[in-house]
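**Q** Quick one: the structure is below, and I'll ask about it shortly.
The values are calculated or read from the model by the stated rules, or taken from the named source; none is laboratory data. Remember, predicted model here, so these are calculated numbers, not experimental data. With ideal geometry, Cβ positions are generated from the backbone for all residues, glycine too; neighbour counts draw on all protein chains shown. Areas reflect the complete protein model, heavy atoms only, side chains present, ligands, DNA and RNA absent. Shrake-Rupley method; radii C 1.70, N 1.55, O 1.52, S 1.80 Å.
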Amino acid sequence: MLPYGRQAIDDDDVAAVVAALRSDWLTTGPAVDAFEAAVSAHAGGGEVVSVTSGTAALHVAYAATGVGPGDEVVTSPLTFVATAATAVLQGATVVFADVEPDTGNLDVEAARAAITPRTRVVTAVDYAGLPAEPEAFAALAREHGLHYVADAAHSIGSTWGGRPVGSFADLTTMSFFPTKNITTGEGGAVVSADPELAGRARRFHNHGLVRDPAAQRWPDEGPWHQEVHELGLNYRLPDVLAALGTAQLRRLDAFKARRTELHARYDAGLADVPGVRTPAHRDQADPMWHLYPLRVLEGRRREVFDALRAAGIGVQVNYIPAYWHPAFADRGYRRGLCPNAEEYYRQEISLPLFPGLADDDVDRVIEVIRRTVGDR
Ligand SMILES: *Cc1c(COP(=O)(O)O)cnc(C)c1O
């Protein structure tokens, strides 16, 4: 089965991991510092806190904003459930606002309309790798005194107006799951140029420990002393995985170039196929495409999905609207809330897209789609 996403691991990656295994540090050592510096260099220069997953990154980001019971977080339903779930786990109420019909990204005006006096955070998601109007969301957050969180699980390597993802939001979160743009197996990162937010994120990812005597309540306790002011968790990324991440980042540009080629090949091969819609672009964006989200119109998504799966092509659907999950339905969220996101979900198929994908594979995928929708 041809997968829809797959890691690209080479001998340099293997050597980097082996070197970390043979070093004095399996975790919380120099490979973590090096990886955080390397991510920062690709994300606009903010402080980077590496964590154990993209989900952990979101949890850390929400904790850093201080959202809790009584506060509202406005976000997109067209995302992996973790974007919303981690806010709920912090005690906040999630308010879903609808997406742009063409890109699937959170609509700025829909987000604005969802703001109430209780809103503390707006979280946009760079769906498929296309940055979600980062300048407009930064302005919206400024206007209303909100924290702007960007879920960039799909979009490390993307730019908007020439500036990299990671340089716009108060807190940007990344995922390094194997299907994402680079991988550490499991892993993630939080990026923030605000020292206060970055400090809170760093403490939360490490039990809330305060090591700086100047910041401690009882600094005279002794040289061993560290203390916890606000509770946190252990979300530390091990050196073994950070070493893999640094090696992967050296090929970020090559990965992006190949993803761009493959995306363009799908665009060219599918542009004239009736009943399908290729992904929308934005002039300001130079995306590192994580997904190729094809839209199949006229209610034929399932038919095309089944034909591709039957041909050994492991397509996926991204995503069921987050509030359709029973956990949200049980909290009173009703279908119909965000019609654009629901329509997008009903039409979407993620075609295979990863650096190791061959041109012939793309052509075969296109051929199956052509045959299926041309059939009737
Ligand atoms: C993958 C993903 C996450 C979660 O990342 P993990 O590393 O799998 O925990 C969050 N948000 C989006 C949009 C994602 O695609």
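**Q** Working only within the range 56-81, note down all residues that are open to solvent by less than 10 Å² (accessible area, probe 1.4 Å), within 12 Å of the ligand (Cβ to nearest atom) and of a type in the set (A, V, I, L, M).
**A** ALA56, ALA57, LEU58, VAL60, ALA61, LEU78
**Q** State whether the residues of the range 227-234 include one that is under 30 Å from VAL18 (Cα atoms) and either open to solvent by less than 50 Å² (accessible area, probe 1.4 Å) or in the same structural domain as ASP11 (by TED's automatic domain parsing) (or both). Steps first, please.
**A** Taking the range 227-234 and keeping what is under 30 Å from VAL18 (Cα atoms), we get 233-234.
Then drop every residue that is not either open to solvent by less than 50 Å² (accessible area, probe 1.4 Å) or in the same structural domain as ASP11 (by TED's automatic domain parsing) (or both), which leaves 233-234.
Yes: one or more hits.
**Q** When you go through (1) in contact (Cβ under 8 Å) with a residue 24 or more places away in the chain; (2) outside the structural domain of PHE204 (by TED's automatic domain parsing); (3) touching a Ser or Thr at 6+ places or on another chain (Cβ under 8 Å) one by one for VAL240, which number turns out not to apply?
**A** (2)
**Q** Scanning the range 16-40 for residues that are more than 25 Å from the chain's Cα centre (by Cα) and free of Cβ contacts under 8 Å to residues at least 24 places away in the same chain, which turns out least open to solvent (accessible area, probe 1.4 Å)?
**A** Only one residue tops the list, namely VAL18.
**Q** Any residue in the range 353-376 that is in contact (Cβ under 8 Å) with a residue 40 or more places away in the chain sitting within a Cβ distance under 6 Å of a residue that is open to solvent by less than 10 Å² (accessible area, probe 1.4 Å) and polar (S, T, N, Q)? List the pairs, counting only those 6 or more apart or interchain.
**A** Within 6 Å, no pair qualifies.
**Q** Also, I was wondering about something else. Do we have THR246 as within 16 Å of the ligand (Cβ to nearest atom) and either in contact (Cβ under 8 Å) with a residue 12 or more places away in the chain or in the same structural domain as GLN7 (by TED's automatic domain parsing) (or both) here? Full working, then the answer.
**A** Working: within 16 Å of the ligand (Cβ to nearest atom): no; either in contact (Cβ under 8 Å) with a residue 12 or more places away in the chain or in the same structural domain as GLN7 (by TED's automatic domain parsing) (or both): yes.
Here the answer is no, as THR246 does not meet what is asked.
**Q** When the range 162-198 is examined, which residues are found to be within 16 Å of the ligand (Cβ to nearest atom) and outside any loop (DSSP other than H, G, I, E, B)? Quick ask: steps written out before the conclusion?
**A** Our first condition is that a residue be within 16 Å of the ligand (Cβ to nearest atom); within the range 162-198, this holds for 165-166, 169, 171-191.
Passing the criteria: LEU171, THR172, THR173, MET174, SER175, GLY188, ALA189, VAL190, VAL191.
**Q** Got a sec? Which of ASP151, ASP102 is within 24 Å of HIS263 (Cβ to Cβ), surrounded by fewer than 24 Cβ atoms within 10 Å (Cβ to Cβ) and either within 16 Å of the ligand (Cβ to nearest atom) or not assigned by TED's automatic domain parsing to the domain that holds ARG331 (or both)? Give the steps one after another, and end with the answer.
**A** Values: ASP151 fails: surrounded by fewer than 24 Cβ atoms within 10 Å (Cβ to Cβ).
Result: ASP102 is the single residue among ASP151, ASP102 that is within 24 Å of HIS263 (Cβ to Cβ), surrounded by fewer than 24 Cβ atoms within 10 Å (Cβ to Cβ) and either within 16 Å of the ligand (Cβ to nearest atom) or not assigned by TED's automatic domain parsing to the domain that holds ARG331 (or both).
**Q** Would you mention how many residues in the range 294-333 are open to solvent by 60 Å² or more (accessible area, probe 1.4 Å), out of contact with any Ser or Thr (no Cβ under 7 Å at 6 or more places or on another chain) and within 21 Å of PRO274 (Cα to Cα)?
**A** Of the residues in that region, 5 qualify.
**Q** Further question on the same structure: Enumerate the helices (runs of 4 or more DSSP H) found wholly within the range 298-376, keeping only those where 2 or more residues are of a type in the set (Val, Ile, Thr). Working first, answer last.
**A** Details: elements: 301-310, 326-329, 339-347, 359-373.
Output list reads 359-373.
**Q** Follow-up. If I filter the range 213-226 for residues that are assigned by TED's automatic domain parsing to the domain that holds GLN90, modelled with pLDDT of 95 or more and closer than 14 Å to VAL51 by Cα, do I get at least one hit?
**A** No; the residues of the range 213-226 include none that is assigned by TED's automatic domain parsing to the domain that holds GLN90, modelled with pLDDT of 95 or more and closer than 14 Å to VAL51 by Cα.
**Q** Same structure, new question: Which pairs have Cβ atoms under 7 Å, sit 6 or more apart or on different chains, and link a residue in the range 41-60 that is of a type outside the set (Val, Ile, Thr) to one that is within 10 Å of the ligand (Cβ to nearest atom) and in a loop (DSSP other than H, G, I, E, B)?
**A** Listed pairs, sorted by first residue: SER50/GLY187; SER53/GLU186; SER53/GLY187; GLY54/ALA153; GLY54/PHE177.
**Q** Could you tell me whether any residue of the range 271-279 is open to solvent by 20 Å² or more (accessible area, probe 1.4 Å), among the polar types (S, T, N, Q), under 20 Å from the mean Cα position of the chain (by Cα) and not assigned by TED's automatic domain parsing to the domain that holds GLY104?
**A** No, there is no match, as no residue in the range 271-279 is open to solvent by 20 Å² or more (accessible area, probe 1.4 Å), among the polar types (S, T, N, Q), under 20 Å from the mean Cα position of the chain (by Cα) and not assigned by TED's automatic domain parsing to the domain that holds GLY104.
**Q** Mind listing whichever residues of the range 109-130 are in contact with a strand residue (DSSP E or B) (Cβ under 6 Å, 6 or more places away or on another chain), within 13 Å of the ligand (Cβ to nearest atom) and on the phi < 0 side of the Ramachandran plot?
**A** THR123, ALA124, VAL125, LEU130 - these are the residues of the range 109-130 that are in contact with a strand residue (DSSP E or B) (Cβ under 6 Å, 6 or more places away or on another chain), within 13 Å of the ligand (Cβ to nearest atom) and on the phi < 0 side of the Ramachandran plot.
**Q** Go through the range 199-245 and count every residue that is of a type in the set (S, T, N, Q) and assigned to a loop (DSSP other than H, G, I, E, B). I'd like the intermediate steps shown before the answer.
**A** Initially, the range 199-245 is screened for residues of a type in the set (S, T, N, Q), giving 206, 216, 226, 234.
Still in the list and also assigned to a loop (DSSP other than H, G, I, E, B): 216, 226.
Here the count works out to 2.
**Q** Can you report the number of residues in the range 131-147 which are open to solvent by 10 Å² or more (accessible area, probe 1.4 Å), of a type outside the set (D, E, K, R) and either within 16 Å of the ligand (Cβ to nearest atom) or in contact (Cβ under 8 Å) with a residue 12 or more places away in the chain (or both)? Before you say what the answer is, go through the steps one by one.
**A** Of all residues in the range 131-147, those open to solvent by 10 Å² or more (accessible area, probe 1.4 Å) come to 133, 135-136, 138-139, 142-147.
If we keep only those that are of a type outside the set (D, E, K, R) as well, we get 136, 138-139, 144-147.
Pick out the ones that are also either within 16 Å of the ligand (Cβ to nearest atom) or in contact (Cβ under 8 Å) with a residue 12 or more places away in the chain (or both) and you get 136, 138, 144, 146-147.
Qualifying residue count for the region: 5.
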